[in-house]
Each structure stands twice: as C-alpha cells, then as structure tokens.
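Just below is one structure, and these are the notes that go with it.
Taken together, the values in this text are just the output of simple stated rules run on the coordinates, not laboratory data. Nothing here was measured: the structure is a model prediction, and the numbers come from that model. Here Cβ is always computed from backbone atoms with ideal geometry, including for glycine, and neighbour counts include all displayed protein chains.
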C-alpha cells in the first residue's frame, strides 16, 4: 500500500490496494485504519467492488446504520443510496458544511462512500479537519467554549421542508441531542471543534458571565456559534476530491466536516454510503 498525502492538513490517497482484500485481511485493514486516524479522510481510485464487499469492509469498523430520510439498498441495510438526478433540482441537503448525523445521541464513527455514477465535471466533495480548526482557535475562544454544550437537530434541517405532522414525528423519533462544543476524539485524544450545520444553539450560554443587558444573550451566542461554524470554510483546513466512477472516500466523522459541492445539475450523481455506528461524544 502506498500512501500519498493530498494536503498538509488533511487527506491521503491509498494506492495499490483493493477494499475487497481489505475486508478479508486483518493486517491490511489495521494499516488502513491507522492511516485514517492520521489523515482523517482517505481516498481510493478504481474500486470496482460489489455492494457485498463494500458492506463487508465498512463493517470491519463496526455496525452500520440506516438513515431515516435517505433510503438504503433493500438488500444491504445500512448502505444508504444518495442518488441525485435532474428531476431533483431542489434536493440540496448536502451542500453545507456538516458532520454526519450529529442529530443522533451517538453520531456515526465514520463512513465509506463509493461513487457509482458522477457528472463528467463538478460534484466534488470537500472535507475539513476540525481538530486542526480547534487547534488554531485563539486561546480566549478556547477558554470561552470549553464548558459549552449545544443542541443538534434533524427537525430543523431534514425536517424543515416536511409537512408539520411528519416533521414533528421525525423530532419525536430523534429528539435534539446535546453535545459538547469541543469533543475529545476517543482514539487519538485530540480536541475537536464539534459544531456544524445541524447545530441550532448553545444550551448553557445564558449565564451572568455572558449576559449583561437587553439582547446581549441572543446576539452573543448567535455570533459565537456562527464564528465557530465558519471555521470549516477555511481553505487551509480542507481537502477537495474529484470523483470518478468506482472512487471511494473513507472518513473519520468524529474529526471532520464535509461539503458536497452542488455545481453539476442537470446531471445524475449516484453515491452509496455505509455509515458506521459511533459513540456518544464527550
């Protein structure tokens, strides 16, 4: 296996291996996982593998989970089909910086995403290193956010365009969890900035230390949250990947955000994603 870093901050391409083999070879899988913890997102080309092999490899990391809005392949539970077509010009839930499913009490550990069909140009995906984003914050901001916690919502995102009854049912199924604004990576020990497009508000900001008069509470918390969410958009923390059929991305969802660039209509873009069950952030 050859490892070629793509930027100084995040991302590496793995060359000379097959994920079919990695799903059956403990040593090869262990080497891939070590590189994932180091680079946070890994890329491979020319992985013309079956859905069975895709799922087998992803399950080496842990159990897979379905998505309540995006449908899974009927023969492979947990293999979510992210299919875009010219008939869906307004289906744009991915073109925002986000960490997958932080609206769960235990968001995914990571994902294995395979390109089935993509536009000839456009439709790239970008990832940002949120451990580096935290590291580069000013110390006074680190001190301010150290004790803060925040809510994350599927209702306010995927549910927003639904009829009210369906939206409220989605909220009942997935009540807004509270996560630390700065989480600790359970394997590397890194501190990670853990707010994103699913984050709605801080839950413990309204204290005498932060609120002076009038609307200071609302303005202060909103401006701080906007500032923190904006860190993913800094180019020095990012990598950008151009898809081709049978390309694969593997990412650590605990330490990254990503953004699917919606610059390709009217074209088809078919991706299949295996999301791996994670643990509760701390």
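Whether any residue in the stretch 166-179 is surrounded by fewer than 18 Cβ atoms within 10 Å (Cβ to Cβ) and in a strand (DSSP E or B) is what I want to check.
yes
Among the listed residues 62, 78, identify the single one that is surrounded by 19 or more Cβ atoms within 10 Å (Cβ to Cβ), at positive phi and touching a strand residue (DSSP E or B) at 6+ places or on another chain (Cβ under 9 Å).
Details: 62 fails: surrounded by 19 or more Cβ atoms within 10 Å (Cβ to Cβ).
Exactly one of 62, 78 is surrounded by 19 or more Cβ atoms within 10 Å (Cβ to Cβ), at positive phi and touching a strand residue (DSSP E or B) at 6+ places or on another chain (Cβ under 9 Å), namely 78.
Scan the stretch 37-56 residue by residue and report those that are surrounded by 15 or more Cβ atoms within 10 Å (Cβ to Cβ), closer than 20 Å to residue 244 by Cα and without any contact (Cβ under 8 Å) to a residue 60 or more places away in the chain.
Listed by number, the list holds a single entry, 53.
Which of the following residues is over 30 Å from residue 170 (Cα atoms) and either touching a helix residue (DSSP H, G or I) at 6+ places or on another chain (Cβ under 7 Å) or in contact (Cβ under 8 Å) with a residue 24 or more places away in the chain (or both): 12, 34? Even if it seems obvious, please write down each step before you answer.
Details: 34 fails: either touching a helix residue (DSSP H, G or I) at 6+ places or on another chain (Cβ under 7 Å) or in contact (Cβ under 8 Å) with a residue 24 or more places away in the chain (or both).
Of the residues listed, the single one that is over 30 Å from residue 170 (Cα atoms) and either touching a helix residue (DSSP H, G or I) at 6+ places or on another chain (Cβ under 7 Å) or in contact (Cβ under 8 Å) with a residue 24 or more places away in the chain (or both) is 12.
I need a count of the residues in the stretch 249-276 that are within 10 Å of the chain's Cα centre (by Cα) and assigned to a loop (DSSP other than H, G, I, E, B).
Of the residues in that region, 3 qualify.
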